[in-house]
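For reference, the structure is listed below as structure tokens.
The values are calculated or read from the model by the stated rules, or taken from the named source; none is laboratory data. Note that the structure is a prediction, hence the values are computed from the model and not measured. Glycine also receives a Cβ, built like all others from the backbone with ideal geometry; neighbour counts cover every protein chain displayed.
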Amino acid sequence: MREQCGACKGPGRRHGGRKWRAALSLGGLLVAGAAHAGVPPLSVPITSDEVNGQPKNLASFLGDLKRSNFMLGDMFGLRTGLSKYGISLAIQETSEVLGNATGGTQRGAQYDGLTQMIMQWDTRRGIGWYGGLLNVSALQIHGQNLSADNLSTIQTASGIEADRATRLWELWYDQKFLEEDRLDIKVGQQSVDQEFIVSSNASYFMNTMFGWPALPSYNMPGGGPAYPLSALGVRFRYRPVDSINLLLGVFNGSPTSNNEGDPQQTNPSGTSFPLGGGRLIMAELQYAYPALGSMVYPGESAPLARTYRIGAWYDTESFADVRYDTQGLPLASPASSGVPGQHKGNFSLYAVADQMLWRSSSDPNQTFNAFGRVMGTPQNDRNFIRFSMNAGVVLHEPFRNRADDTFGVGMGYVRVSTGISGLDRDTEHFALLSDPDSFNVVRSSETYVEMTYQYQLRPWWQLQPDLQYVFNPGGGLVNPSDPTRRIGNELVLGLRTNILF
């Protein structure tokens, strides 16, 4: 039987589950969104710490600090030296303070942070081998977890919240094949939230579920191979025509070797590389317009960009029944053995849309975009979540001459499975038999709205104030601080800073 999560009373999972997606790009820019399909990783810009062969003075260094894509510039020649061998290096610190002004199990504010380190080796620049890319990344997670400690929400407030640790994240090699690089194959330790089920516009928000959605986060073993976890596997990407990409991945069925307890504690360093158990199979069809490499001729207006994705995942592992034991008795019954029944396999279908709605005729940086993502599964007997949805709008350059700023309003919704609701009704029934005055709830759904603004102070430095409001936290959980009431609606305020070193 999988351990019950103390905060959500659902199948054991990690809290958090999404890296900050306006994350480090090897182009040196703070880019909102994971890598777009078909776009190769960028190289770190080469800078120099010398002028005419002489070390730069302090004034020159401070001047570069205003213009550089990195706070530390060329790292006194380190980046330039590494680039000669095809090696790119980036380090980013994300720090934030989040607090709930209303609702929750208790009120308060907490700090949490994430340091990301990534190194890539371009084999063409390094040894003349075309199309190869080796990637190594690591995480240092620090601070507290407001969602687990104060909120008890299903859709956690921040994508960087996780157990404190220093851990390997990804270790993979990608090789391009065929004319125009129409096929590439990636092999190794991978975090699938970097390529699958991605919405580029949703990536500007802080809530976890705008990145790795609630449904796989709760329904996959160990929360799935997504931040801060990963799994061994192979991913194929094929581009039959310029506007279409086909993704197919086969990964270990769980990011840990043991699905009991907290998966981050089971694999605390990220170096266990489990291969036992089942397999996770993911497939996604992507359509992008305009197609990669499309030209805009003089006198023509640039088309409004759009990307649509449909996909599915299937995990071959065994899954515990959320309501009944091996004899078919309700798990809440005093006569139950407490050992849940088992089911083979689990799956979900999903669709994602990113659509540009408007572009300023006088300033192409000023755009208005919308996104939506839905996921569902009919297998209510083995899942905590049966449906999840995200939607929102994003405005780039909300103010004149602030081309790198972004304003967004979005929302998320989850519906717990009928198996979980049935378990709650069973629990209520048997509790009332022994204590007619007991207070019990039947969980249903949880909704949140978020409003955020990314303010670019420097190319390497960003501030992000954020506001979230959660309706029916936990789907309607009883407040442990007051067992006669549900957890109250939550107003969560936050401030995040991102620094690219």
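Okay, residues lined up against (1) modelled with pLDDT under 95; (2) within 24 Å of the chain's Cα centre (by Cα); (3) crowded, with 19+ Cβ neighbours inside 10 Å:
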| residue | (1), (2), (3) |
| --- | --- |
| 374 | no, yes, no |
| 385 | no, yes, yes |
| 396 | no, yes, yes |
| 400 | yes, no, no |
| 410 | no, yes, yes |
| 424 | no, no, yes |
| 437 | yes, no, no |
| 450 | no, yes, yes |
| 458 | yes, no, no |
Among the candidates 485, 496, 458, 400, single out the residue that is basic (Lys, Arg), over 30 Å from residue 338 (Cβ atoms) and without any contact (Cβ under 8 Å) to a residue 60 or more places away in the chain.
-> 400
Residues of segment 482-501 being among the β-branched types (Val, Ile, Thr) and surrounded by fewer than 23 Cβ atoms within 10 Å (Cβ to Cβ), which ones?
-> 484, 497, 499
When residue 178 is run through (1) under 30 Å from residue 321 (Cβ atoms); (2) more than 18 Å from the chain's Cα centre (by Cα), the failure sits at (1)
Would you check if there is a residue in segment 132-142 being under 28 Å from residue 472 (Cα atoms), touching a helix residue (DSSP H, G or I) at 6+ places or on another chain (Cβ under 8 Å) and modelled with pLDDT of 95 or more?
-> no
Near pairs, Cβ below 8 angstrom, 6+ apart or cross-chain, from segment 435-449 (within 15 Å of residue 332 (Cα to Cα) and touching a residue at least 24 places away in the same chain (Cβ under 8 Å)) to any residue that is in a strand (DSSP E or B) and of a type in the set (D, E, K, R) = 441/486
Scanning segment 156-178 for residues that are farther than 22 Å from residue 251 by Cα and assigned to a strand (DSSP E or B) gives 165, 166
Name the pairs: first residue in segment 348-368 and of a type in the set (Asp, Glu), second residue not in a strand (DSSP E or B), Cβ to Cβ under 7 Å, at least 6 apart or on different chains?
-> 354/199; 354/200; 354/201; 363/397
Give just the number: which of (1) among the small types (Gly, Ala, Ser); (2) in a helix (DSSP H, G or I); (3) more than 30 Å from residue 156 (Cβ to Cβ) does residue 419 not satisfy?
-> (3)
If you check 76, 70, which single one turns out to be modelled with pLDDT under 95, buried (at least 18 other Cβ atoms within 10 Å of the Cβ) and either among the hydrophobic types (A, V, I, L, M, F, W, C) or more than 17 Å from the chain's Cα centre (by Cα) (or both)?
-> 70
What number of residues in segment 369-397 are in a loop (DSSP other than H, G, I, E, B), out of contact with any helix residue (DSSP H, G or I) (no Cβ under 6 Å at 6 or more places or on another chain) and in contact (Cβ under 8 Å) with a residue 24 or more places away in the chain?
-> 4
